[in-house]
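Reviewing the structure listed below.
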Amino acid sequence: MIQKKICMLGTLAVGKTSLVRRFVQSMFGENYKTTIGVKVDKKTVTLEGREVQLMLWDLAGEDRFNGLQTTYVRGSAGLIFVADGTRPDALAQTLALSEKVLKATGDVPCVVALNKMDLANEWRLTETDIAACNTRGWDALRTSAKSGEGVEELFLRLARRFV
């Protein structure tokens with residue numbers, strides 16, 4: 001079995017924990033609790049006949065990247081950056097955060113979750129915003145931890161790069 005560490009990164013309240021919970025437990029909760037430090041979950045998926053155990057490191061939301069998180073991201077095989085589609089500033093902050101994180105991890109596969117697509121009436125990201133992710137060579141996927149839409153594909157898209 002292949003075992004890979006994946007870090008979930010983004011600013012406060014973008015839905016990192018909710019995405020992990022939806023993927024691992026197929027659940028969503030309306031109650032929001034801020035992650036303190038890091039929470040690690042795991043899920044095994046089968047891709048091309050091979051088992052891959054994903055170690056999902058859900059890091060506390062930060063509007064800046066501090067030295068403490070550097071130790072958390074080291075050894076990551078891949079990164080999932082999460083932004084809230086109802087807050088364009090969250091995407092800009094996440095993209096700025098990504099530059100600092102990638103200095104610590106080196107060149108690893110990345111995907112971007114544009115989360116909260118269930119809030120269609122409040123969606124504020126434009127195609128230009130999304131293109132900013134694609135120009136970095138990252139897949140940008142629209143997700144909803146609440147409905148589950150796009151969540152499985154988000155994690156599997158990154159996991160496919162490991163087999």
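The values are calculated or read from the model by the stated rules, or taken from the named source; none is laboratory data. These numbers were taken from a predicted model, which means no experiment stands behind them. Methodologically, a virtual Cβ is constructed for each residue, glycine included, from the backbone with ideal geometry; neighbour enumeration extends over all protein chains shown. The protein model used for the area step is the full one, side chains on, heavy atoms only, and it has no ligands, DNA or RNA in it. Shrake-Rupley method; radii C 1.70, N 1.55, O 1.52, S 1.80 Å.
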**Fill in**
When the range 110-137 is checked residue by residue, the ones that are modelled with pLDDT under 95 and either buried (at least 19 other Cβ atoms within 10 Å of the Cβ) or in contact with an Asp or Glu (Cβ under 7 Å, 6 or more places away or on another chain) (or both) are LEU125, CYS133
**Item:** Residue under evaluation ALA83, criteria (1) in contact with a Phe, Trp or Tyr (Cβ under 9 Å, 6 or more places away or on another chain); (2) under 20 Å from GLY148 (Cα atoms); (3) among the small types (Gly, Ala, Ser), criterion not met
**Value:** (1)
**Request:** Pick out, from the range 1-105, the strands (runs of 3 or more DSSP E) lying fully within it that include 1 or more residues that are of a type in the set (Gly, Ala, Ser) and open to solvent by less than 40 Å² (accessible area, probe 1.4 Å).
**Result:** 78-84
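Go through the range 145-163 and count every residue that is of a type in the set (Ser, Thr, Tyr) and under 12 Å from the mean Cα position of the chain (by Cα). So that I can check it myself, show each step before the final result.
Keep residues of the range 145-163 that are of a type in the set (Ser, Thr, Tyr), which gives 147.
Next cut, under 12 Å from the mean Cα position of the chain (by Cα) only: none.
The number of residues fulfilling the criteria is 0.
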**Fill in**
Of those in the range 141-161 that are aliphatic (A, V, I, L, M) and either assigned to a helix (DSSP H, G or I) or in contact with a Phe, Trp or Tyr (Cβ under 9 Å, 6 or more places away or on another chain) (or both), the residue most open to solvent (accessible area, probe 1.4 Å) is LEU156
